[in-house]
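Please read the structure below before turning to the comments.
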DNA sequence: CACGATACCTGTAAGC
DNA sequence: TGCTTACAGGTATCGT
């Protein structure tokens with residue numbers, strides 16, 4: 001669920017209710033996700049007013065009028081439920097606004113995280129300082145990739161998952177972008193040619209933009225407590241399509257394992 | 001430092 | 001039906 005487009009869609013969905021709202025009640029139902037919730041989280045958020053929302057890489061940002069930003073990461077299985085009918089065992093953090101809307105941060109695998117960071121120095125927060133450029137930003141260019149990947153022997157697939165190279169891609173969109181760009185995911189990153197990088201950058205930007213747009217048209221899904229995302233999944237060319245015909249050449253899609261994770265690709269279309 | 005392997009945690013689906 | 005295994009959208013950390 002949560003790669004950059006899903007986080008962006010989540011943030012937009014939350015903003016409709018949270019932007020300008022007062023956080024009337026904040027409740028923790030357990031003390032930790034991947035890490036403990038920050039000291040004083042409930043106290044610092046309760047009564048605060050939300051001054052805006054945003055996103056950096058796969059992190060969602062909720063800014064408050066107390067000079068702090070709640071930074072959330074959804075890990076593998078996290079999502080925000082809007083107006084949940086009931087609070088389940090994986091609803092770890094619950095927020096109620098002054099106007100009576102309720103939200104819960106639900107994360108069964110608990111690979112997610114929540115931090116409370118001073119807004120003024122958010123970019124200096126070590127976690128953010130280490131991130132590469134936003135893939136949808138102007139900084140993310142073939143020239144950037146060339147610089148970042150020169151001399152690297154690791155597979156291009158794995159380098160694109162490295163958030164220090166470019167921040168926000170995950171397994172799905174890396175597979176999809178490499179297919180669109182016609183690049184073999186096993187290729188050493190430093191060996192990817194300049195023309196191929198010239199195809200890769202727009203392929204990444206396009207697949208992300210399409211996924212955000214598809215999510216954006218289905219924001220009301222966030223009002224359904226058990227609603228799954230997956231609007232964009234109908235459009236996957238390779239992800240989770242092992243053995244099925246390539247959308248371009250009809251050859252069977254291959255599944256391999258890289259870095260312990262699945263990669264899907266077309267052996268004929270990706271060289 | 002670069003790189004690969006492993007750990008973290010829970011749920012689900014497939015296989016026997 | 002029950003048990004076991006493989007796998008899942010991510011990231012931090014530990015060897016080599």
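Please verify whether residue A:28 is in the same structural domain as residue A:123 (by TED's automatic domain parsing) and either without any contact (Cβ under 8 Å) to a residue 60 or more places away in the chain or closer than 30 Å to residue A:161 by Cβ (or both), treating the condition exactly as stated.
Answer is no for this residue.
So which residues in region A:14-28 are closer than 20 Å to residue A:113 by Cβ and part of a helix (DSSP H, G or I)?
Passing the criteria: A:14, A:18.
Check A:49, A:86 and return the single one that is more than 16 Å from DNA strand C (Cβ to nearest atom), over 13 Å from residue A:21 (Cα atoms) and either in the same structural domain as residue A:171 (by TED's automatic domain parsing) or surrounded by fewer than 18 Cβ atoms within 10 Å (Cβ to Cβ) (or both).
A:86
Just give me the residues in region A:69-93 being within 12 Å of DNA strand B (Cβ to nearest atom) and not in a strand (DSSP E or B), in sequence order.
The answer is A:75, A:76, A:77, A:78, A:88, A:89, A:90.
Taking the condition of being within 18 Å of the chain's Cα centre (by Cα) and either within 11 Å of DNA strand C (Cβ to nearest atom) or part of a loop (DSSP other than H, G, I, E, B) (or both), how many residues in region A:94-130 meet it?
Qualifying residue count, region A:94-130: 11.
Would it be correct to say that residue A:55 is touching a helix residue (DSSP H, G or I) at 6+ places or on another chain (Cβ under 6 Å) and either closer than 21 Å to residue A:215 by Cβ or surrounded by fewer than 20 Cβ atoms within 10 Å (Cβ to Cβ) (or both)?
In short, yes.
Taking the condition away from DNA strand B (no atom under 16 Å from the Cβ), more than 30 Å from residue A:30 (Cα to Cα), surrounded by 15 or more Cβ atoms within 10 Å (Cβ to Cβ) and at pLDDT 95 or above, does residue A:128 pass?
no
Can you pull out every residue in region A:58-71 that is crowded, with 17+ Cβ neighbours inside 10 Å and farther than 13 Å from residue A:8 by Cβ?
Result: A:62, A:63, A:64, A:68, A:69, A:70, A:71.
Which one is farthest from DNA strand C (Cβ to nearest atom), of the residues in region A:147-174 that are buried (at least 16 other Cβ atoms within 10 Å of the Cβ) and farther than 21 Å from residue A:262 by Cβ?
Within region A:147-174, the match that is farthest from DNA strand C (Cβ to nearest atom) is A:149.
Does region A:111-118 include one or more residues that are under 18 Å from residue A:34 (Cβ atoms), within 14 Å of DNA strand B (Cβ to nearest atom), out of contact with any strand residue (DSSP E or B) (no Cβ under 9 Å at 6 or more places or on another chain) and in the same structural domain as residue A:28 (by TED's automatic domain parsing)?
For region A:111-118, residues under 18 Å from residue A:34 (Cβ atoms), within 14 Å of DNA strand B (Cβ to nearest atom), out of contact with any strand residue (DSSP E or B) (no Cβ under 9 Å at 6 or more places or on another chain) and in the same structural domain as residue A:28 (by TED's automatic domain parsing): absent.
Find the residue count for region A:240-266, including only residues that are away from DNA strand C (no atom under 11 Å from the Cβ) and free of Cβ contacts under 8 Å to residues at least 40 places away in the same chain.
13
Quick test for you: out of A:231, A:239, pick the one residue that is surrounded by 14 or more Cβ atoms within 10 Å (Cβ to Cβ), away from DNA strand B (no atom under 16 Å from the Cβ), in the same structural domain as residue A:156 (by TED's automatic domain parsing) and at pLDDT below 90.
A:231
Those residues that are within 16 Å of DNA strand B (Cβ to nearest atom) and part of a helix (DSSP H, G or I), I need them from region A:179-211; list them, please.
If the condition is that a residue be within 16 Å of DNA strand B (Cβ to nearest atom) and part of a helix (DSSP H, G or I), then A:189, A:190, A:191 are the ones that fit.
Being touching a helix residue (DSSP H, G or I) at 6+ places or on another chain (Cβ under 6 Å), within 20 Å of residue A:55 (Cβ to Cβ) and crowded, with 18+ Cβ neighbours inside 10 Å is true for just one of A:181, A:177, A:189. Which residue is that?
Of the residues listed, the single one that is touching a helix residue (DSSP H, G or I) at 6+ places or on another chain (Cβ under 6 Å), within 20 Å of residue A:55 (Cβ to Cβ) and crowded, with 18+ Cβ neighbours inside 10 Å is A:177.
So if I check each of A:148, A:143, which one is more than 16 Å from DNA strand B (Cβ to nearest atom) and in a helix (DSSP H, G or I)?
A:143
The values are calculated or read from the model by the stated rules, or taken from the named source; none is laboratory data. Keep in mind the model is a prediction, meaning the values are calculated, not measured. Every residue, glycine as well, gets a Cβ built from its backbone with ideal geometry; the counts of neighbours run over all protein chains shown.
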